[in-house]
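Since the structure comes first, as structure tokens, the remarks are kept for the end.
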Amino acid sequence: MILYICVVIIMAKEFAKAFYNSAAWVKCRAAYIASVFGLCERCKRVGKILHHKRVLTPENIINPLVTLSWDNLIFVCKDCHEAEHSNSVTRKDVMFDIHGNLIQRIGPPIDNRF
């Protein structure tokens, strides 16, 4: 777990590094992942990446309603993360299944940016 947190911090944008090192984020992250049993919310495989649906910016990084709100978080596996980011030419009402096939999204359309 510590190794993974270090990787996240290295990948974080400079303005967000302090936030990702904060006790509030570490606690929020651990609690959220436990709440979804460590499973990807898209395909139910083991998750790896906790994403903010609304992109963090220098302007909103200090707003806990954006940074720490569970409504703004989603836990995904690497494959679903890559599929989500690689489907910028795909409509919001479809998604990739665990085999890489394009399928109709179940439920309401979501923001392609997480």
Flag for T57 being surrounded by 14 or more Cβ atoms within 10 Å (Cβ to Cβ), of a type in the set (S, T, N, Q) and more than 26 Å from I106 (Cα to Cα): no
In segment 84-98, residue nearest to H52 (Cα to Cα) [restricted to those that are surrounded by fewer than 14 Cβ atoms within 10 Å (Cβ to Cβ) and either modelled with pLDDT under 70 or of a type outside the set (A, V, I, L, M, F, W, C) (or both)]: H85
Segment 31-82: number of residues that are under 19 Å from V94 (Cα atoms) and free of Cβ contacts under 8 Å to residues at least 12 places away in the same chain: 2
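Quick one: how many residues across segment 66-83 are over 13 Å from R29 (Cβ atoms) and crowded, with 20+ Cβ neighbours inside 10 Å? So that I can check it myself, show each step before the final result.
First, the residues of segment 66-83 that are over 13 Å from R29 (Cβ atoms): 66, 71, 76-83.
This time we only want the ones that are crowded, with 20+ Cβ neighbours inside 10 Å, so: 76-77, 80, 83.
Total meeting the criteria: 4.
The values are calculated or read from the model by the stated rules, or taken from the named source; none is laboratory data. All values derive from a computational prediction rather than experimental measurement. FYI the Cβ positions are ideal-geometry reconstructions off the backbone, even for glycines, and counts take in every protein chain you see.
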